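Take a look at the structure set out below.
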Amino acid sequence: MKDIRVKAKRLILALYNIDEVYYTSEKKRRLSDAELCILYALDDGRPHSQKEICDKWLVPKTTVNTITKKWESQGVLTLAAIPGKRREMQITLTDTGKLFSREILDFIYRAESTALTKTLDKYSDTFIEALEYFGKNLKEAFEEDMRDGSLKG
């Protein structure tokens, strides 16, 4: 059991350290965590729904809505109705948004690339799959405990 606690603590601290790097970068660029998440999500060149960003990036609906409205008024993105969906909107970066994205994300992508290529063998697909699997199992364990009433608060 002690070995599991030590491993869990190391893993969680590593994840917090990664989060801190992004948080510091965002602060210097005057972006919120949520703004960076939305920009990162939209930078793949595909349109995304607000719901998809909320679900995948864990950004609250009201926050996504506030940011998308602000960025729409600034010409960073466009919102369009999704056929067959009553209230769901599709978000796409405009040319201005793509330029904004480059200003913010190119630095981050270079840093990620540098970090990943330093010891590429440590960041195999197996490593990433294991981390994804841990996240999925941890989420399920928390949800199960909350359903069973084991977690108070």
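Does any residue in the range 61-74 that is farther than 15 Å from D33 by Cβ come within less than 7 Å, Cβ to Cβ, of a residue that is among the β-branched types (V, I, T) six or more places away or on a different chain, and which pairs are these? From the range 61-74, the pairs are T68/I91; E72/T78. In the range 77-100, the residues that are among the acidic types (D, E) reach residues that are open to solvent by 80 Å² or more (accessible area, probe 1.4 Å) with C-beta atoms within less than 9 angstrom, at least six apart or across chains, in these pairs: E88/K51. Listed conditions (1) part of a helix (DSSP H, G or I); (2) under 18 Å from I91 (Cα atoms) are all met by G75, apart from (1). When T66, T114 are checked against the criterion of being open to solvent by 80 Å² or more (accessible area, probe 1.4 Å) and in a helix (DSSP H, G or I), T66 stands alone in meeting it. When the criteria are applied in full, A34 fails the requirement of being among the aliphatic types (A, V, I, L, M), under 18 Å from L138 (Cα atoms) and part of a helix (DSSP H, G or I).
Every listed requirement among (1) closer than 27 Å to K136 by Cβ; (2) open to solvent by less than 90 Å² (accessible area, probe 1.4 Å); (3) not in a helix (DSSP H, G or I) is met by R46 save one, (2). Residue pairs whose Cβ atoms lie under 9 Å apart, separated by 6 or more positions or on different chains, with the first residue in the range 31-44 and touching a residue at least 60 places away in the same chain (Cβ under 8 Å) and among the hydroxyl-bearing types (S, T, Y) and the second assigned to a helix (DSSP H, G or I) and open to solvent by 20 Å² or more (accessible area, probe 1.4 Å), are Y40/W57. Annotation note: of K85, K122, K98, the sole residue that is touching a Gly at 6+ places or on another chain (Cβ under 9 Å) and either farther than 22 Å from T24 by Cβ or in a helix (DSSP H, G or I) (or both) is K98.
For the range 56-94, enumerate the residues that are more than 14 Å from Y40 (Cα to Cα), charged (D, E, K, R) and under 22 Å from the mean Cα position of the chain (by Cα). Those that are more than 14 Å from Y40 (Cα to Cα), charged (D, E, K, R) and under 22 Å from the mean Cα position of the chain (by Cα): K61, K69, K70, E72, E88.
The values are calculated or read from the model by the stated rules, or taken from the named source; none is laboratory data. Because the structure is a prediction, the values reported are computed rather than measured. Using ideal geometry, Cβ is built from the backbone for each residue, glycine included, and neighbour counts are taken over all protein chains shown. With ligands, DNA and RNA removed, areas are computed over all heavy atoms of the protein, side chains included. Shrake-Rupley method; radii C 1.70, N 1.55, O 1.52, S 1.80 Å.
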